[in-house]
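Report on the following structure.
The values are calculated or read from the model by the stated rules, or taken from the named source; none is laboratory data. From a predicted model like this one, the values you see are computed outputs, not experimental measurements. Here the Cβ positions follow ideal geometry from the backbone for every residue, glycine too, while neighbour counts run over all protein chains shown. Surface areas here come from the heavy atoms of the whole protein model, side chains and all, with no ligands, DNA or RNA. Shrake-Rupley method; radii C 1.70, N 1.55, O 1.52, S 1.80 Å.
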Amino acid sequence: DRAARRSLAGIRQYDGRPDEAFDTLRAGIGGSPDEDFADWLFIGQQEYKRSKDGPWVEYRRESVVYHPSDPSVDEAAWVRSRLAAADEAVDEALRLRPDSLDALALATIVRFKQGRLVDAEAAGRRLCEVHGADDAANCGPLAAVLDSGGDPAGALAVWEEVAARSGQPNLASNLIMTEVNAVRNKTGDSIESFPVRADRLHALKRLTAFSP
């Protein structure tokens with residue numbers, strides 16, 4: 001049953017066999033939309049984490065094992081395959097819950113990492129539209145995708161819209177100046193060395209903990 005499969009999947013992942021663990025979860029999907037969503041989201045999150053860790057990192061029981069790099073392994077292709085698996089899983093999660101905060105956030109960053117800027121922007125924009133009023137940081141992924149994709153004016157517009165919607169016209173400027181001051185304190189640079197509009201979007205990426 002579902003509980004037994006999840007238990008077996010947990011054992012296999014704990015034992016350093018994530019592919020088998022995720023296959024076990026996939027085999028049990030069907031019949032319960034809520035549980036299916038949770039399993040797809042979990043698979044997507046774990047596959048994305050693997051893409052960041054790379055092929056030489058293995059989690060086994062209570063340890064993290066760092067393997068020596070193997071020239072016979074195409075690391076870039078391995079990462080692409082993990083991102084593809086994450087994208088497939090988050091697609092299924094969004095099919096079940098199109099407005100899920102966690103699924104939209106994951107879709108934004110996975111698609112950005114895949115170089116699919118239009119799709120990443122679409123997911124990030126939906127995330128901002130649905131959840132930005134609850135927490136301005138939920139618009140951070142969209143702003144970061146736009147900025148990194150060569151549209152800093154569009155990214156700035158996102159924050160200006162968030163500020164206007166919040167009834168706090170100084171919100172965007174305050175976020176930017178907070179980061180500029182932090183950089184100044186670390187480097188000793190004067191505030192004049194940070195142009196008013198040029199560097200602040202890069203600061204916002206760090207503030208929203210989004211690291212494409």
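Below, the figures for the structure above:
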quantity: Cα gyration tensor shape for the stretch 85-146, rounded if a/c is under 1.5, else prolate or oblate; calculated: oblate
quantity: DSSP-assigned coil residues among trypsin sites (Lys or Arg not before Pro) in the stretch 16-104, each with at most 12 further Cβ atoms within 10 Å; calculated: Arg61
quantity: Relative contact order [Cα under 8 Å, 6+ residues apart], the stretch 27-135, whole percent; calculated: 25
quantity: Phi to ³J(HN,Hα) by Karplus 6.51 cos²θ - 1.76 cosθ + 1.60 over the stretch 31-43, Hz, x for Gly, Pro; calculated: x, 9, x, 5, 6, 4, 4, 4, 5, 5, 5, 4, 4
quantity: Cα gyration tensor shape for the stretch 115-159, rounded if a/c is under 1.5, else prolate or oblate; calculated: oblate
quantity: Whole-angstrom Cα spans of the stretch 35-107 along principal axes, big to small; calculated: 41, 28, 17
quantity: Karplus-derived HN-Hα couplings along the stretch 75-81 (A = 6.51, B = -1.76, C = 1.60, θ = phi - 60°), whole Hz, x at Gly and Pro; calculated: 4, 4, 5, 4, 5, 4, 5
quantity: In sequence order, calculated HN-Hα J values of the stretch 146-153 (Karplus, 6.51, -1.76, 1.60; Hz; x Gly/Pro); calculated: 4, 5, 5, x, x, 10, x, 5
quantity: 1.4 Å probe accessible area per residue over the stretch 1-105, in Å²; calculated: 56
quantity: Distance (nanometres) between label positions extended 7 Å along Cα→Cβ at Ala4 and Asp99; calculated: 3.9
